[in-house]
Structures are given as structure tokens and as C-alpha cells.
Amino acid sequence: MLSFPQDLLERYEAQAPNYISYPSLDQFKAGFGPRHYAQALEHRRQSVLTRLKPLSVYVHLPFCENLCLFCNRNKIVTKRYSKSVAYLELIDQELKLQIEHLGVKPKVSQLHLTGGSPTYLHDSELERLVTILKSQTTFTPSVDMSLDIDPRTINFESLVTLHHLGFTRLNFCVQDCDISVQRAVHRLQDLDAIKTLIGHSRVLGFKCCSLELLYGLPKQTQQSFEATLACLIDISADRVTLCAYRHQPERYPSQRKIKEQDLPSSHLVLQFFNTAHTSLMRAGYEYIGLDLFSKKSDPLYVAKMRGSLHRNFLGFSAEPNTDLMALGMSGVGSIGTTYSQNATTLEEYRLFLERKQLPVVKGLALGRDDLVRKSIIMGLMCQGHVSFDAIEEAYLINFQAYFGHEMQQLKHLETQGLVQLTIKSLDVTELGHVLVRTIASIFDRYWTPAQTPSF
Ligand code: SF4
């Protein structure tokens, strides 16, 4: 068992960006709007190299039946189900607009539905959504289709529908199995029902079932957390995602209903991560990085071993790196060397589409320095390795000269056993793996000095 540098984890890792993009989402600028996004799509259309390459598509479906107090997602809690029917027509319009600018019917190699809660949609609505997507794009024969599942809103018939539609990966959002924790966050769910659903999923032939767990929730204790972990390990999912709960009541009003005295201490929260890391590794899981563990047979682990793992707004991915087209309110996408985000409220999103405008409200066009740093940060996050020669060749720079200040900081990290430096490369050690965001942040030009680690 590794002894984690608890002080560094507490001081830095909990605050550092999670690098689903570089620069991070908080650097997106309002000056980037529909016109810039249209240019990015048209640029792709004009490029012989990228025009025919498959895209990934991510659809944000914001609706939920009930409010979970911890939630920090962009969602609409409603029992007026007609709203989701109308929403799908907006998705249809947005996709048409994007494809007008793309100029070709794109191939899609990866589809992910998130939210909100995608399984808020009735089976017929999920069918309608897939019909919309398939009528305007071409799914590749091996398309990877996945979605987040709220286990309280799905039954055997819905699983059959999802399988029939071509979904291959299901991410069950479990969060916690303890009844006191579930009561404290207003999310009651029956563990036996979840086990039954996962059993059905395996019988139906879904390729991958993941479980998502939140640590740092109110009423979680070391004992209750270990019991939840034991339940999850018993289910033996292909992947386990361990997300840290961040208490930000000033930003998320529902979190104000969580009693501060019910929250575990920051020390205990890190202890939860250590416990989970140890238990999952003992149970045969491999640490992919950050919040993710998988079985050795999982494509994520295989990709990590081959050096082909990458990271985007959907998290770690074993699929080939592609442009990511986002659809729906607050959707975040990446086309070419740009990032973009859609309007974050339903009203604003609808207004854009009524005006026949792409609903983009902010984004970023990456400069050359951003691209160099992005390569390094993603190399650290996904492979734990950076080859200086490869960066020098790709970007025509002298690595040691370009990153003189960063190299000094890395030398301090080396003395703490977190990285290994040679004349040609930078490697994250096994100990450094749990601090990889902090290590990567050394190359982040935008992270404010107040947050910059001083090792
Ligand atoms: S946690 Fe999921 S189901 Fe609960 S409110 Fe948030 S998006 Fe909806």
C-alpha cells in the first residue's frame, strides 16, 4: 500500500483543474460566439485531412425527476414530461444547423448521453433521439454508444430498448449505498434493484457496466464508506468512477440544504480516497488516473498500456481522439483547435435556435502556446509521460529553454519522489499518480499565482 502525501493532496490536488480540457472551462471567453463556432465547423469542412474523419457526439439532456442535494450539474428538475419531447426537437434543429456548416453528413464513432438524467426520457423519446442522430449522421459499424443512468428511473424494458438502439456502455450513478447518506442528500435508491439491473445488463450483452460513487457526502463515515465500497466491489463492475463531492453552497443553492456539521472533515475525505484506492486495487482493479479505476480487461486499461488513452470533455477515452460535437443546452464541444459552450439555460438555448443561430455563448480558439501545453498536460494525465523530443519535433521548440521555469519546479517534485526527470523525458511516479493534476498544473499558464503550488 502506498503512503499518500496527505498534505499535498489537501493543499493542492483538491483545488487543481481536472483537465478535461486545456485551457480549462473557466478560461472560455464570451467573445467566442456563433460566428467563431461556424468558422471552426467550416474549417473542418475545408480540411481534406479532417473532413471525412468520424466525430464524437455528446448530447446534454438536462431533465431530472427529483433534486439530489449534492448535484452540481446543469439540470432542470420537473415532472412536466412534455418538456423533454419539445427539447428533442431543439436538438434536431441544432444538429441541422451544425451540419449545414459542416457541409457533409458526418460519421459518428462515439456517442455519449449525459445530463441531467438521460433516463428521464421515456423509451420512445430515446428512440426519437437516436432517430434524429442517425438521420443526419452516419454511425460507424463499431460506434461506441454510452449513457449515464439514474438507476431509479430505469427498468428491464428500458434496458432492452437501449440495447436494441445500439448502446454498449452503461454508467450507473450509484453515489452511495448507505441509507443515512441517501437520506441526507435526498436520493433514496435500493441496492438490490441496482444489482438486478446490472445482472440484466450483462445477460442482455452490454459490453461495459460502470459504477459511479461520490465521496465526501454528508453522513459518510469510514465505516459506512467501507460498506458501500464492499457492495460495489461485490457487483464487480468493469469500471468504477470515484468522484469527490465539492461543497459549494454559494454556487449551487440545493447544497445549502446540506448541514455543514454532517460533512466529513477534509482529512477524512482523503482517507476515503486512500481506502477506495487500496480496496479497488486489492479487488483486481487498475488505476487509470484521477477518479477512474477499471478491470485489466477493459479497453481503458488496454489503451493506457498502449499509450493511446486520451482525455476530453467526456473524461478518459480509449476511442481514437476525434473532434467532439456537443448538442443541447450547456453542451461543451471541441472542433479543431477550438472549444465552445452552448447557452446554459433552456430559454436562451431555445431563443438562439428560433433565430436559426448556433447556440454558442462562449469558447476559445487555442493559440500555439496553448497547444504545446495541452499536449504536455494530456500526456501527463493519460500516460504519465512526456517525451521532450516528441514535443520539440511537433512544435519546433527547445523544451528545456521554453519551459525553464517549469523545469525548476519539476526538480523540486523529483526530490519528493513524485516525478522522474531524464534529459529526454518526464515521468510521473506511482506515488505522483495521485497528484497528477497538481503536477500537470505546473504547465498551466492560466492557473492563478495564488493557487500555484510552491514546492
Ligand atoms: S445527481 Fe443526477 S439525477 Fe440527481 S439532480 Fe443531479 S443530474 Fe439529476
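The values are calculated or read from the model by the stated rules, or taken from the named source; none is laboratory data. All figures in this text were calculated on a predicted structure; none of them were measured in a lab. So basically every Cβ, Gly included, is an ideal-geometry build from the backbone, and we count neighbours across all protein chains shown. Ligands, DNA and RNA are stripped out before the accessible areas are found, and what is left, the full protein with its side chains, is counted by its heavy atoms. Shrake-Rupley method; radii C 1.70, N 1.55, O 1.52, S 1.80 Å.
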Legend entry - Residues (free of Cβ contacts under 8 Å to residues at least 12 places away in the same chain and among the hydroxyl-bearing types (Ser, Thr, Tyr)) located in the stretch 162-198: 196
Inset, instruction - Give me a count of the residues in the stretch 44-101 that are open to solvent by 20 Å² or more (accessible area, probe 1.4 Å), assigned to a helix (DSSP H, G or I), away from the ligand (no atom under 16 Å from the Cβ) and among the basic types (Lys, Arg). - result: 3
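Condition test on residue 159, is it at pLDDT below 95 and crowded, with 16+ Cβ neighbours inside 10 Å? Spell out how you get there, then give the answer.
Working: at pLDDT below 95: no; crowded, with 16+ Cβ neighbours inside 10 Å: yes.
In short, no.
Could you grab me the full set of residues in the stretch 248-289 that are in a helix (DSSP H, G or I), of a type in the set (S, T, N, Q), more than 24 Å from residue 433 (Cβ to Cβ) and in contact (Cβ under 8 Å) with a residue 40 or more places away in the chain?
We begin by selecting, within the stretch 248-289, every residue in a helix (DSSP H, G or I); these are 253-257, 260-262, 266-282.
Then drop every residue that is not of a type in the set (S, T, N, Q), which leaves 254-255, 261, 266, 271, 274-275, 278-279.
In the following step, the residues that additionally are more than 24 Å from residue 433 (Cβ to Cβ) were identified as 254-255, 261.
Within the stretch 248-289, 254, 255 meet the criteria.
I'd like to know if the stretch 117-137 contains one or more residues that are in a strand (DSSP E or B) and either within 26 Å of residue 199 (Cβ to Cβ) or more than 16 Å from the ligand (Cβ to nearest atom) (or both).
The answer is no; no qualifying residue exists.
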Inset, instruction - Could you check how many residues of the stretch 247-271 are open to solvent by 100 Å² or more (accessible area, probe 1.4 Å) and either within 22 Å of the chain's Cα centre (by Cα) or within 16 Å of the ligand (Cβ to nearest atom) (or both)? - result: 3
Legend entry - Conditions (1) more than 16 Å from the ligand (Cβ to nearest atom); (2) touching a His at 6+ places or on another chain (Cβ under 9 Å); (3) open to solvent by less than 70 Å² (accessible area, probe 1.4 Å); number of the one not met by residue 148: (1)
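Among 201, 224, which is the only one that is assigned to a helix (DSSP H, G or I), over 24 Å from residue 144 (Cβ atoms) and open to solvent by less than 30 Å² (accessible area, probe 1.4 Å)? So that I can check it myself, show each step before the final result.
Working: 201 fails: over 24 Å from residue 144 (Cβ atoms).
On inspection, the qualifying residue turns out to be 224.
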Legend entry - Unmet criterion (only one of (1) touching a strand residue (DSSP E or B) at 6+ places or on another chain (Cβ under 8 Å); (2) within 16 Å of the ligand (Cβ to nearest atom); (3) open to solvent by 40 Å² or more (accessible area, probe 1.4 Å)) for residue 183: (1)
Inset, instruction - Determine the pairs where a residue that is over 17 Å from residue 126 (Cα atoms), located within the stretch 84-106, has a partner that is of a type in the set (Gly, Ala, Ser) with Cβ atoms under 7 Å apart, the partner being 6 or more residues away or on another chain. - result: 101/38
